[in-house]
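Here is the structure we will look at, set down as structure tokens.
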Amino acid sequence: MPNHQINPNKWIDLYADYLFNYTITRVSDREIAQDLVQDTFLAGLKSMKNFKGEASERTWLISILKRKIIDHYRKINSKKGKAEVRIMYNDDSETEGDWLEERVADPYDKTAEDTLQNAELGNAIHNCLGKLPEKQAEIFKMKTIQGFETEVICNEFNITASNLWVIIHRARTAMADCLKENWF
């Protein structure tokens with residue numbers, strides 16, 4: 001593998017726009033996205049000695065950014081005391097974009113009822129995934145649950161990015177309908 005060099009003096013010019021665009025699609029807030037990119041550059045500067053050159057500078061910065069985004073959501077979710085389940089449960093205009101986590105019991109306040117409810121939810125999600133067409137279920141799991149990049153999924157299934165998002169939308173809609181019917 002080629003040995004890549006690191007040059008933080010060019011990071012802003014070379015990577016700021018790309019990292020910002022990557023982030024804004026995941027957090028949907030300009031200020032938060034800018035803060036996360038700035039935190040990424042700062043973390044990169046602090047850990048330059050750990051850069052082994054096994055990946056490109058951009059790949060290395062993206063891996064740092066991904067951890068920053070995950071930390072951001074962990075912080076939000078821990079404040080709210082909510083589980084990190086990311087499946088839409090409502091598609092009416094008033095609550096569109098609300099996530100199933102709104103209805104999951106606080107994972108830190110375990111009672112027998114909460115444990116049972118979370119187990120029931122897990123079973124309901126598993127059963128609903130089983131009702132999706134195989135390709136749709138696999139793509140949905142890779143993107144939504146396992147967090148694979150769009151490009152990786154598109155290459156693996158030989159589909160376009162727009163086709164991927166149509167499949168994800170259909171899977172989310174089917175999952176929401178199934179969960180409404182079988183869990184709520």
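Filter the helices (runs of 4 or more DSSP H) completely within the stretch 72-158 down to those with at least 2 residues that are among the hydrophobic types (A, V, I, L, M, F, W, C), within 26 Å of Ile24 (Cβ to Cβ) and at pLDDT 55 or above.
Working: elements: 112-131, 134-140, 150-157.
Here the list reads 134-140, 150-157.
Tally time: how many residues in the stretch 42-70 are open to solvent by less than 70 Å² (accessible area, probe 1.4 Å), under 24 Å from Thr150 (Cβ atoms) and not small (Gly, Ala, Ser)?
Adding up the residues that qualify gives 8.
Can you find a residue that is within 21 Å of Lys143 (Cβ to Cβ) and either modelled with pLDDT of 90 or more or within 17 Å of the chain's Cα centre (by Cα) (or both) anywhere in the stretch 32-51? So that I can check it myself, show each step before the final result.
We begin by selecting, within the stretch 32-51, every residue within 21 Å of Lys143 (Cβ to Cβ); these are 33, 36.
In the following step, the residues that additionally are either modelled with pLDDT of 90 or more or within 17 Å of the chain's Cα centre (by Cα) (or both) were identified as 33, 36.
The answer is yes; a qualifying residue exists.
Just checking, how many residues over the stretch 139-181 are out of contact with any Leu (no Cβ under 9 Å at 6 or more places or on another chain), under 27 Å from Lys66 (Cα atoms) and not aliphatic (A, V, I, L, M)?
16
State all residues of the stretch 163-177 that are surrounded by fewer than 17 Cβ atoms within 10 Å (Cβ to Cβ), of a type outside the set (Asp, Glu) and without any contact (Cβ under 8 Å) to a residue 60 or more places away in the chain; if no residue qualifies, say none.
Taking the stretch 163-177 and keeping what is surrounded by fewer than 17 Cβ atoms within 10 Å (Cβ to Cβ), we get 163, 165-166, 169-170, 173, 177.
Those still in the list that are of a type outside the set (Asp, Glu) too: 163, 165-166, 169-170, 173.
Answer for the stretch 163-177, where residues must be surrounded by fewer than 17 Cβ atoms within 10 Å (Cβ to Cβ), of a type outside the set (Asp, Glu) and without any contact (Cβ under 8 Å) to a residue 60 or more places away in the chain: Asn163, Trp165, Val166, His169, Arg170.
What residue, among those in the stretch 153-162 that are hydrophobic (A, V, I, L, M, F, W, C) and under 20 Å from Leu129 (Cβ atoms), is most open to solvent (accessible area, probe 1.4 Å)?
First, pick out the residues of the stretch 153-162 that are hydrophobic (A, V, I, L, M, F, W, C): 153-154, 157, 159, 161.
Among the residues that remain, those that are also under 20 Å from Leu129 (Cβ atoms) are: 153, 157, 159.
Details: Ile153: 0, Phe157: 49, Ile159: 22 Å².
The extreme case among them is Phe157.
The values are calculated or read from the model by the stated rules, or taken from the named source; none is laboratory data. Quantities reported herein were computed from a predicted structural model and do not represent experimental measurements. Cβ sites come from the backbone with ideal geometry, for glycine too, and all protein chains shown count toward neighbours. All accessible areas refer to the heavy atoms of the entire protein, side chains included, with ligands and DNA or RNA removed. Shrake-Rupley method; radii C 1.70, N 1.55, O 1.52, S 1.80 Å.
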